Each structure stands twice: as C-alpha cells, then as structure tokens.
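To start, the structure itself, in structure tokens.
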Amino acid sequence: MRTALLESEGRLVLADLEPPAIQSTDQLLIQVKTVGICGSEVHAYRGTHPFRKAPTVLGHEAAGVVSAVGEAVTHFEPGDRVIVDPQWVCGECAHCLAGDINLCPSKRVLGTPAWPGAFGEYIVAPEEAVFLLPDHLSYVQGSLIEPLTVAVHIARRAGLRSGESVAVLGTGSIGGMVAGVSSAIGADPIIVADIRQHCLDAARERLGATHDILLPSKDLAEEVRALTHGEGVDVVFLTADDASLASTAVEMAKRRGRITVVALMTAEPMQLPAYSILSRELHVIGSTMCNNEDVREAIDLARSGQVDVEAIATHVLPIEQAQRGIELARTKDDNAIKVILSFEEASARPRMGG
Ligand SMILES: [Zn+2]
Ligand SMILES: [Zn+2]
C-alpha cells in the first residue's frame, strides 16, 4: 500500500508497505481517503514528540471507507464511509468503564509504532473507535472532525457556558476549532491571539471569533482585560505550543477563571505566578484527546454546520507530497493552517490549494 513513512527525524519518504490485516473479529479494515497533518505529527517529524517516534507510520485524523469487517462487527459493512477516533482502549479499566477513555492507561494511539497510522492507505481499527461519516460531509471534512473533537473536549473540561468570555491563545487548527466550539456554545466575547494574521482571519471570518490580536503584542493580558471591562476572561484556552504564554494566561483570567492547557508538548516545567492563582482562585485544567461523547458531539456540530470545520483546511495534497505537506504544517508558509493528505486519484481529489 502507498505509505508516507517517517523513516527518521525530518525524513518522510514514500514507501510500499504490506497493508495491515484484521487480527480479531471485532476489527475493521479501512481504506484511508484523507488524513490531516496534526501539530503532534510535526513534533514527531522534528523528533520532539514524547511517544510518536520514527520509524513509524504517522496519521490519526483519518477518514475513509470500510473495506472489510470482522465477523463480530455489527454496525458497519464494507463501503461505509467512516472516521476513526484515534484511541484504541482496553474497555475494562475504571476510566474506560466511566466513559473517560482518553485516560485509559493502556490505550494505544493511532499513528504510533503500537498502532500504525493513516499516512498508510489502510488501517485496522476496533469497532468502538469507528464512527459513520454523515453522507453530506466530505472525506476532507471527516478528517477535520478529529481536531474539532479535541476542541469539544477542551470546552467540556473548561465547563464553558453560554455568555462566558473566552481568550484563545494560539489560533492554529486546535485554537481555530476552539473558537468555533466556543461560538456554538454562545460564548462572547471570543478573543483570539496568534502570531499569524491568516490564522486570525480564519477564526474571525468563519469561526465566530469576535476580536483578534496579532502577536507579539506589547501587553497581551492588558489588551484582553481592556476588552472585558478590566475583569479578564472566564476561560483562557492555551492552545499555542509556547509555554511562555502560561503566565500571560494567568494574568488575563477573571477571578475564579479557568485556564485550559492543551498543546504544550513539552516535559519542561510551566512557570505560573503562584500568588495570582491562589488570590484569584484560578483553576488550571489539563485536556487530552477526547471521549466517545465528544466525537458524537463533534460530528453533530460539523454535520449541522454550527462549526465550519473547513475554515482551517488550507491545503489538500496527494500522499506523494507528504514531505511538502508536513513542511507546510511546520512553517505555516503559503497561509497554511491545516494540511490534509489525500489518497484519492487526482480526478476525484477535492480542488484546493497546493
Ligand atoms: Zn490531531
Ligand atoms: Zn482502559
């Protein structure tokens, strides 16, 4: 099968690998049509991800078509259009039983040596991780449901409610989707900040952000407070891969506000001003991936158009251009936000930049 293999740090090469095979009766074989390139994959490519290491087949934002099912699979048949939640969990631990599958200590994640990913044309998945893609959503839109799902989970972890004020620090794929989910929930204002104007434009024009701030700013926290009558925001979403924003996030949070930490792929300590946290009774909340309820909600938000998932999709490239795609995702050159790789033949491929 056609595969973009992460051979070593910084080298994504085209390879012809043996497709995976169904190993037990509850599994499906899926032919991948499109796969998004995630920030975590850029980390793997640069050799800075905690568990996505070369050599491996990356790719966890998969949409495709079922090509075979095990005998015990009940909800799917060959030909079904599907997306995959990239978590393969035990189903038996206390977290799985409580529905918090993202916390399963023995979970495998798609796009790692333990579960080869969708930069290869075929993947195997357990039935619990597979969801039907609604008919009128394209495969590209299907690949965008994973980052949307992550955003739905973050908003749930933050306990975001209608009418609350929000700041999103870092408005790439996840930050953009967080703006969209915040808007769907009814948050106002939704202040987005990023170092790239094109990311801010997508958030403001298509995802419901009400204010944008181009970074670096002289005093970001002060600007956010000025937009909220001096009080600060109810929820700060720290969606940039920049630990230095953490103390700024604290400064712009309202009394008893919540700060949600998402995209910091580092083991380095995060510096937070202790007195501000205790004196204003702030909550600092971590968020990782999602649970099944989040996936269903994300599908619903995308299907109903409440979140315009395609707002972040800037490039669809053939799998053969994976190396170029991951470089675009890394540099965000050419106004890139989310780059999607496609296995479809050129004639069937969606027309978009590239
Ligand atoms: Zn992702
Ligand atoms: Zn478990």
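Within the range 221-238, which residues are in contact with a strand residue (DSSP E or B) (Cβ under 6 Å, 6 or more places away or on another chain) and surrounded by 16 or more Cβ atoms within 10 Å (Cβ to Cβ)?
GLU223, VAL224, LEU227, GLY232, VAL233, ASP234, VAL235, VAL236, PHE237, LEU238
Restricting attention to the range 317-344, which residues are within 14 Å of GLY39 (Cα to Cα), touching a residue at least 40 places away in the same chain (Cβ under 8 Å) and surrounded by fewer than 17 Cβ atoms within 10 Å (Cβ to Cβ)?
Matches in the range 317-344: none.
With the requirement that a residue be more than 23 Å from GLY47 (Cβ to Cβ) and either more than 9 Å from ligand 2 (Cβ to nearest atom) or touching a residue at least 60 places away in the same chain (Cβ under 8 Å) (or both), what does the range 104-125 give you?
GLU121, TYR122, ILE123, VAL124, ALA125
In this structure, is ASP300 assigned to a helix (DSSP H, G or I) and touching a Lys or Arg at 6+ places or on another chain (Cβ under 7 Å)?
Against the criterion (assigned to a helix (DSSP H, G or I) and touching a Lys or Arg at 6+ places or on another chain (Cβ under 7 Å)), ASP300 does not qualify.
Condition first: without any contact (Cβ under 8 Å) to a residue 60 or more places away in the chain and assigned to a loop (DSSP other than H, G, I, E, B). Now tell me which residues in the range 233-249 satisfy that.
The answer is ALA243, SER244.
Return the residues of the range 57-92 that are outside any loop (DSSP other than H, G, I, E, B), of a type in the set (S, T, N, Q) and more than 13 Å from ligand 1 (Cβ to nearest atom); say none if nothing qualifies.
Within the range 57-92, SER67 is the sole residue that qualifies.
Can you tell me how many residues within the range 79-101 are of a type outside the set (A, V, I, L, M, F, W, C), within 10 Å of ligand 2 (Cβ to nearest atom) and touching a helix residue (DSSP H, G or I) at 6+ places or on another chain (Cβ under 9 Å)?
Number satisfying all stated conditions: 4.
State whether one or more residues within the range 52-73 are touching a His at 6+ places or on another chain (Cβ under 8 Å) and touching a residue at least 12 places away in the same chain (Cβ under 8 Å).
Yes, that holds for at least one residue.
Which of the numbered conditions does TRP115 fail, given that it passes all the others? Conditions: (1) assigned by TED's automatic domain parsing to the domain that holds ARG52; (2) more than 16 Å from ligand 1 (Cβ to nearest atom).
TRP115 satisfies all of (1) assigned by TED's automatic domain parsing to the domain that holds ARG52; (2) more than 16 Å from ligand 1 (Cβ to nearest atom) except (2).
For residues that are of a type in the set (Ser, Thr, Tyr) and either within 16 Å of ligand 1 (Cβ to nearest atom) or in a helix (DSSP H, G or I) (or both), scanning just the range 137-157, find the one that is nearest to the chain's Cα centre (by Cα).
Residue satisfying both the conditions and the ranking: THR149.
Under 30 Å from MET1 (Cβ atoms), within 16 Å of ligand 2 (Cβ to nearest atom) and of a type in the set (A, V, I, L, M, F, W, C) - does that describe any residue in the range 128-146?
Yes, because at least one residue in the range 128-146 is under 30 Å from MET1 (Cβ atoms), within 16 Å of ligand 2 (Cβ to nearest atom) and of a type in the set (A, V, I, L, M, F, W, C).
Restricting attention to the range 35-56, report how many residues are part of a loop (DSSP other than H, G, I, E, B) and touching a Leu at 6+ places or on another chain (Cβ under 9 Å).
6
Going by the conditions given, is GLU128 surrounded by fewer than 19 Cβ atoms within 10 Å (Cβ to Cβ) and in a loop (DSSP other than H, G, I, E, B)?
no
For the subset of the range 278-303 comprising residues that are among the polar types (S, T, N, Q) and under 20 Å from ALA246 (Cα atoms), which member is surrounded by the most Cβ atoms within 10 Å (Cβ to Cβ)?
Per the criteria, the residue is SER287.
Can you find a residue that is away from ligand 2 (no atom under 16 Å from the Cβ), in contact (Cβ under 8 Å) with a residue 40 or more places away in the chain and either aromatic (Phe, Trp, Tyr) or on the phi > 0 side of the Ramachandran plot (or both) anywhere in the range 24-34?
No.
Return a yes/no flag: does the range 158-173 have any residue that is under 18 Å from the mean Cα position of the chain (by Cα), within 16 Å of ligand 1 (Cβ to nearest atom) and of a type in the set (Val, Ile, Thr).
Within the range 158-173 (the criterion being under 18 Å from the mean Cα position of the chain (by Cα), within 16 Å of ligand 1 (Cβ to nearest atom) and of a type in the set (Val, Ile, Thr)), the answer is yes, since at least one residue qualifies.
When you look at MET289, is it out of contact with any Gly (no Cβ under 6 Å at 6 or more places or on another chain), part of a loop (DSSP other than H, G, I, E, B) and at positive phi, yes or no?
yes
The values are calculated or read from the model by the stated rules, or taken from the named source; none is laboratory data. Keep in mind that this is a model prediction, so the values were computed, not measured. Neighbour counts are summed over all protein chains in view; Cβ atoms, including those assigned to glycine, are modelled from backbone coordinates with ideal geometry.
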